[in-house]
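Step one of this worksheet: look at the structure below.
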Amino acid sequence: MSRVLLRLLFVVALPLVLVTAWWLVSDDSTDIFWPPLRTILATFPDVWTTERLRADVLPSLLRLTAGYALAAVVGVALGTVIGSYRRVRAVCEPVLEFLRAVPPPVLVPVIMLFAGIGDTMKIAVIASGCVWPILLNTVEGVRAVDSVMAETARSYGITGAARLRNVVLRSASPQIFAGLRQALSIGIILMVISEMTAASNGLGYTIVQFQRGFAIPDMWTGILVLGLLGFLLSVVFRLVERRVLGWYHGLRASTRRS
């Protein structure tokens, strides 16, 4: 019990210190672009009503989920193929390195030409950025599959889909989840960027509208919502990761004890 309380203290200590410092430093601020934290917090419930959450936060979450899921499917599928076959990897690697180096925000005007300015464009922008950490981590995870384990599976006649599911993907899953974790933060950033261009709703659109209307405290509340959203998504991701990779964390814990 004491260990749980100690971990909880470590989790909340730094946020409390930062919030307290922000409150004290900004308390006497008269700068229109740097309002006191108490003003921002007082504005928060008036701005982020249930109606606004439904109109702006929910569409952003749906776009993020769609783009992230698309990137996960494409990244894991292509990464498995590329990582499994040396010749495919040799052919694809130069192209992948070139495309990976292109910043996804630069592609927004290009994607708009082909996908329009609706949700399809925003989902495509999110997917175009999220796919790379997932794909590259999947490639490395598949390449790192233990050769002894692969040979043992072959000896026992485990081939095809069973080998892919129980040997390759299972062995590569820690690396795949590392890519998924990186992609989540990239997806949130691209969600906001895509909504700042030719949008009519969403968190990015709302924050830009507040900024253009010089509703600076309202703008800061939007930034706080983004931070809270990122934190909640991180917690959910960690819970899913713990559930799926329970065998891996248990193996690491037993290795440490021994």
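The values are calculated or read from the model by the stated rules, or taken from the named source; none is laboratory data. The model shown is predicted, which means the values in this text are computed figures rather than measured ones. Please note: Cβ atoms are built from the backbone with ideal geometry, for glycine as well, and neighbour counts cover all protein chains shown. When the accessible area is computed, the model is the full protein with side chains, heavy atoms only, and any ligands, DNA or RNA have been set aside. Shrake-Rupley method; radii C 1.70, N 1.55, O 1.52, S 1.80 Å.
The criterion of being modelled with pLDDT of 90 or more and surrounded by 16 or more Cβ atoms within 10 Å (Cβ to Cβ) does not hold for Leu239.
What tally of residues in the range 112-124 results from selecting those that are open to solvent by 40 Å² or more (accessible area, probe 1.4 Å) and within 16 Å of Val74 (Cα to Cα)? Here the count works out to 1. In the range 214-232, is there at least one residue being among the aromatic types (Phe, Trp, Tyr), in contact with a Leu (Cβ under 9 Å, 6 or more places away or on another chain) and open to solvent by 40 Å² or more (accessible area, probe 1.4 Å)? Yes, because at least one residue in the range 214-232 is among the aromatic types (Phe, Trp, Tyr), in contact with a Leu (Cβ under 9 Å, 6 or more places away or on another chain) and open to solvent by 40 Å² or more (accessible area, probe 1.4 Å). Scanning for something over 18 Å from Tyr248 (Cα atoms), in a helix (DSSP H, G or I) and among the hydrophobic types (A, V, I, L, M, F, W, C), does the range 167-184 turn up at least one residue? The answer is yes, given that some residue of the range 167-184 is over 18 Å from Tyr248 (Cα atoms), in a helix (DSSP H, G or I) and among the hydrophobic types (A, V, I, L, M, F, W, C). Contact annotation: residue pairs with Cβ atoms under 6 Å, 6 or more positions apart or on different chains, pairing a residue in the range 146-174 that is within 23 Å of Ala72 (Cα to Cα) and open to solvent by 50 Å² or more (accessible area, probe 1.4 Å) with a partner that is of a type in the set (A, V, I, L, M) and outside any loop (DSSP other than H, G, I, E, B), are Arg163/Ala153.
Take the conditions open to solvent by 50 Å² or more (accessible area, probe 1.4 Å) and touching a residue at least 40 places away in the same chain (Cβ under 8 Å) and apply them to Pro133. Does it pass? When the stated conditions are applied, Pro133 does not pass them.
When the range 83-111 is filtered for residues that are surrounded by 12 or more Cβ atoms within 10 Å (Cβ to Cβ), over 24 Å from the mean Cα position of the chain (by Cα) and of a type in the set (Gly, Ala, Ser), only Ser84 remains.
Anything in the range 13-22 that is touching a residue at least 12 places away in the same chain (Cβ under 8 Å) and open to solvent by less than 70 Å² (accessible area, probe 1.4 Å)? List them, or say none. Once the filter is applied, which keeps residues that are touching a residue at least 12 places away in the same chain (Cβ under 8 Å) and open to solvent by less than 70 Å² (accessible area, probe 1.4 Å), the range 13-22 yields only Trp22. Apart from one condition, Phe44 fits all of (1) touching a residue at least 40 places away in the same chain (Cβ under 8 Å); (2) open to solvent by 90 Å² or more (accessible area, probe 1.4 Å); (3) aromatic (Phe, Trp, Tyr); the exception is (2). If I go through the range 242-258 residue by residue, how many of them are assigned to a helix (DSSP H, G or I) and either touching a residue at least 60 places away in the same chain (Cβ under 8 Å) or surrounded by 14 or more Cβ atoms within 10 Å (Cβ to Cβ) (or both)? Number of matching residues: 2. When the range 23-41 is limited to residues that are among the hydrophobic types (A, V, I, L, M, F, W, C) and open to solvent by less than 60 Å² (accessible area, probe 1.4 Å), the one that is farthest from Gln209 (Cα to Cα) turns out to be Leu37.
Scanning the range 47-64 for residues that are among the acidic types (Asp, Glu) and either in contact with a helix residue (DSSP H, G or I) (Cβ under 9 Å, 6 or more places away or on another chain) or open to solvent by less than 50 Å² (accessible area, probe 1.4 Å) (or both) returns a single hit, Asp56.
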